[in-house]
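The values are calculated or read from the model by the stated rules, or taken from the named source; none is laboratory data. Quantities reported herein were computed from a predicted structural model and do not represent experimental measurements. Ideal geometry is used to build each Cβ from the backbone, glycine not excepted, and the neighbour counts take in all protein chains shown. Accessible surface areas use protein heavy atoms only, side chains included; no ligands, DNA or RNA. Shrake-Rupley method; radii C 1.70, N 1.55, O 1.52, S 1.80 Å.
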Amino acid sequence: MGARVDKDGSSFKMSLKATIILAVVAVIFMFAGGWIRGAITKFFNPQPELTNEVVVKQLEKIQDLTTAKETDYGFEKYEDGGIAFLNKKQFTMFYTYEVRAGVDLAKAQIKIDKDSKTVSIRLPAPKIQSVAVNPDSLRFFDKSDSFFNAADVEDTKAAMEDAKKKTEARLDRTQLLKIANKQAKDVIERLYEPTAEAGMYTVTVTTTNPK
């Protein structure tokens, strides 16, 4: 038996009206559900708003960032008592050393534009952070290339100090600092890469050339 339809079509109009209402309600629930899911996701996985203070704290956690390192060895030849710490007139000293270079992120300049969603980070110029001679690597050879030990602790200390001075004197600072500058930029860009990929902010990192 077919459904009864009034002569004026009122039953059809009522059914159509009910269908439209149900459709609107369904759309409202769909959007509400999406909003609720988004709110829950945001609650459990909060994305902190980027401010100068937030970025400063993030960079301070890294602070003295070492971005370049040079490890090598040196041979120093001494004649006629060139160093007074050994009673040998002629000898050669062998040693290994490590030089570190990087940037002090506490001195980075930060500018955030919330309207354009951009973060600008200017890094300070890189510097030589340390020059260290490995004390366990010290070796002394006399003029016949025979190995001998330093006389005492003071001899070893004096040898290390001289080796450090020699290393600092011949160090190619320009090349090492250039590498440190480039690496620092790469590290900070990778640090904020997730933020950029999420579309939250566009992050620009610039460097300062060493003097």
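If you take the residues of the stretch 169-201 that are more than 22 Å from Ala101 (Cα to Cα) and part of a helix (DSSP H, G or I), which of them is most open to solvent (accessible area, probe 1.4 Å)? Restricting to residues being more than 22 Å from Ala101 (Cα to Cα) and part of a helix (DSSP H, G or I), the top hit is Glu197.
Among what's in the stretch 184-201 and is among the small types (Gly, Ala, Ser) and in contact (Cβ under 8 Å) with a residue 60 or more places away in the chain, pick the residue that is farthest from Thr118 (Cα to Cα). The extreme case among them is Ala184. Every listed requirement among (1) buried (at least 17 other Cβ atoms within 10 Å of the Cβ); (2) at pLDDT below 90; (3) in a strand (DSSP E or B) is met by Thr92 save one, (1).
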